[in-house]
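> Below is the structure I would like to discuss, written out as structure tokens.
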Amino acid sequence: MSVAPTVGRTPRAAAALPLSGLLALSTAAFTAVLTELLPAGLLPPMASGLGVSESRVGYLVTGYAVASTLAAVPVTTALRALPRRAVLLAALAGFACCNAVTALSSSYPLSFAARLAAGVMGGTLWALLVGHAARMVPAARRGRAIAIVLAGITCALSLGVPAGTALAGAFGWRAAFAVPAVLAVVVAAWIRWRVPEFPGGAPGARVPLRRVATRPGIATVLSVTLLLLLGHQVMYTYAAPFAEHTGFGRTGLVLMVFGVSTVVGIWVTGVLVDAQLRRTLLAALVLIVSALLALGVAGGSPVTLLVPVAAWGAAFGGAPTLIQTALVDVSGPADADVATSLQTTVYNAGIAAGSFAGGLVLEGAGAAALPWTALPLVAAAAAVVAVGRRRAFPGRRPAADRTA
């Protein structure tokens with residue numbers, strides 16, 4: 001689909017981003033991440049309220065992630081014929097219902113079922129958000145639009161989950177789940193008002209899943225996603241024992257530095273993604289490798305620990321936007337929902353496998369080995385970007401959308 005000039009408008013006006021609609025999609029991303037991770041900050045009160053152990057409350061996060069991973073591809077494929085905004089609104093309505101059930105439930109099986117259903121909604125939502133944003137803007141502004149939408153993830157991690165935990169401390173854990181339930185309704189109304197509808201694919205025009213998956217460049221982008229998430233989770237999941245190993249401790253400060261730095265990374269990425277996607281992604285991956293090297297060699301003082309952590313956070317903060325934009329470029333906006341559903345599966349697989357591998361390394365070789373385990377994985381991701389220039393990460397991005 002080619003982007004035609006806008007008649008009767010100045011070039012500056014034609015290039016303006018539909019900010020209100022993009023912020024609505026970003027808030028939907030915020031709601032999804034808050035829904036997914038909120039139980040992790042509420043283990044003791046939820047365990048008491050549901051009459052189970054804290055580890056079983058932790059399974060509420062696991063169940064959500066597994067359902068999201070398994071549902072992303074088949075549900076997205078099954079719903080491709082439906083209008084895109086309508087599916088977004090249905091997913092948000094599902095979030096509202098699932099969070100409301102969780103807030104009211106005193107039964108662990110019912111709560112677990114609600115979390116599984118929420119995971120299905122999450123897998124569906126993630127497959128749609130980025131593709132919808134890409135279709136709202138000209139190809140030349142696609143990266144910045146995606147950066148705005150994915151900023152909702154960072155806001156949820158750095159602000160939403162801590163705020164939800166604080167709210168639970170003041171008013172109880174049920175009040176914390178009531179917030180995303182209400183927020184999902186508000187966001188649905190906002191999207192209905194400010195986000196345009198796009199039709200689903202006609203039966204004869206829809207590209208089969210297999211053809212999207214085998215399109216040149218898709219496998220390359222997915223491999224970078226997997227390698228980066230593997231390396232990142234090996235280190236990030238076990239930041240607390242690594243901080244203790246260095247003698248610094250104060251895990252909360254370490255994670256705060258990382259979180260604040262990701263905000264900086266997203267801002268820088270938003271400025272550079274449309275003009276310098278490949279160079280910016282390669283620089284981000286090299287910066288993560290350098291940070292891991294610094295942590296492995298000398299992480300024993302506040303400066304030698306926090307400075308590399310800040311660099312790591314800034315580089316990682318922008319990486320998902322860069323990778324997602326590259327994926328939309330090679331798939332085309334019309335098939336971005338299918339490509340993104342594949343990436344959702346790969347993303348969650350990387351999180352699970354990286355966390356598992358990091359646990360094995362921690363038990364077998366100790367926290368000192370974590371940076372050295374993560375480093376070659378991220379270095380491999382950088383190498384794939386460096387050699388994937390022709391198909392997945394070209395030096396010059398497309399000026400117009402791929403024909404559906």
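The values are calculated or read from the model by the stated rules, or taken from the named source; none is laboratory data. Note that the structure is a prediction, hence the values are computed from the model and not measured. Quick reminder, even Gly has a Cβ in these numbers, built from the backbone with ideal geometry, and neighbours come from all protein chains shown.
> Please go through region 62-103 and give me each residue that is more than 22 Å from S26 (Cβ to Cβ) and small (G, A, S), ordered by number.
G63, A67, A71, A78, A81, A100, A103
> Of the residues A339, A298, A315, A294, only one is in contact (Cβ under 8 Å) with a residue 12 or more places away in the chain and more than 20 Å from the chain's Cα centre (by Cα); which?
Selected residue: A294, the only one of A339, A298, A315, A294 that is in contact (Cβ under 8 Å) with a residue 12 or more places away in the chain and more than 20 Å from the chain's Cα centre (by Cα).
> If we keep just the residues of region 370-404 that are modelled with pLDDT of 90 or more and surrounded by fewer than 16 Cβ atoms within 10 Å (Cβ to Cβ), which is nearest to A133 (Cα to Cα)?
In this case the residue turns out to be A386.
> Continuing with the same structure: Return yes when T304 is under 30 Å from R135 (Cα atoms) and outside the structural domain of P138 (by TED's automatic domain parsing) and no when it is not.
Considered against the rule, which asks whether it is under 30 Å from R135 (Cα atoms) and outside the structural domain of P138 (by TED's automatic domain parsing), T304 comes out as no.
> Might you check whether a residue that is in the same structural domain as D337 (by TED's automatic domain parsing), over 21 Å from S158 (Cα atoms), assigned to a loop (DSSP other than H, G, I, E, B) and free of Cβ contacts under 8 Å to residues at least 60 places away in the same chain occurs anywhere in region 214-228?
yes
> Looking at this structure, is G204 at pLDDT below 80, in contact with a Pro (Cβ under 7 Å, 6 or more places away or on another chain) and either buried (at least 18 other Cβ atoms within 10 Å of the Cβ) or not assigned by TED's automatic domain parsing to the domain that holds P44 (or both)?
no
> Would you kindly identify the helices (runs of 4 or more DSSP H) lying entirely within region 7-72 that contain at least 2 residues that are at pLDDT 85 or above and surrounded by 13 or more Cβ atoms within 10 Å (Cβ to Cβ)?
By residue number, 19-37, 43-50.
> Of these, G164, G169, G143, which one is closer than 17 Å to A319 by Cα, part of a helix (DSSP H, G or I) and over 12 Å from the mean Cα position of the chain (by Cα)?
Selected residue: G143, the only one of G164, G169, G143 that is closer than 17 Å to A319 by Cα, part of a helix (DSSP H, G or I) and over 12 Å from the mean Cα position of the chain (by Cα).
> Residues in region 231-248 that are of a type in the set (V, I, T) and either modelled with pLDDT of 80 or more or on the phi > 0 side of the Ramachandran plot (or both): how many?
2
> Suppose we filter V289, V303 for residues that are touching a residue at least 40 places away in the same chain (Cβ under 8 Å), surrounded by fewer than 24 Cβ atoms within 10 Å (Cβ to Cβ) and over 19 Å from the mean Cα position of the chain (by Cα); which single one remains?
V289 is the lone residue from the list that is touching a residue at least 40 places away in the same chain (Cβ under 8 Å), surrounded by fewer than 24 Cβ atoms within 10 Å (Cβ to Cβ) and over 19 Å from the mean Cα position of the chain (by Cα).
> Could you please let me know if A275 is surrounded by fewer than 19 Cβ atoms within 10 Å (Cβ to Cβ), in the same structural domain as R250 (by TED's automatic domain parsing), over 14 Å from the mean Cα position of the chain (by Cα) and outside any helix (DSSP H, G or I)?
When the stated conditions are applied, A275 passes them.
Listed here are the residues, each with its yes/no results for (1) in contact with a Ser or Thr (Cβ under 6 Å, 6 or more places away or on another chain); (2) outside the structural domain of L38 (by TED's automatic domain parsing); (3) not hydroxyl-bearing (S, T, Y).
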residue: S68; (1), (2), (3): no, no, no
residue: A72; (1), (2), (3): yes, no, yes
residue: L82; (1), (2), (3): no, no, yes
residue: L88; (1), (2), (3): no, no, yes
residue: A91; (1), (2), (3): yes, no, yes
residue: G94; (1), (2), (3): no, no, yes
residue: T102; (1), (2), (3): yes, no, no
residue: L110; (1), (2), (3): no, no, yes
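> What's the number of the only condition in (1) within 24 Å of G143 (Cα to Cα); (2) among the aliphatic types (A, V, I, L, M); (3) touching a residue at least 24 places away in the same chain (Cβ under 8 Å) that A383 fails to meet?
For A383, the exception is condition (3).
> Still on this model: Considering each of L255, L285 in turn, give the residue that is within 30 Å of V387 (Cβ to Cβ) and assigned to a helix (DSSP H, G or I).
L285
> Right, here's the next one. Taking the condition of being closer than 26 Å to T69 by Cβ and either surrounded by fewer than 21 Cβ atoms within 10 Å (Cβ to Cβ) or free of Cβ contacts under 8 Å to residues at least 24 places away in the same chain (or both), how many residues in region 351-369 meet it?
11
> Report yes if G270 is closer than 19 Å to V234 by Cα, at pLDDT below 95 and not assigned by TED's automatic domain parsing to the domain that holds A139, otherwise no.
So G270 fails the test.
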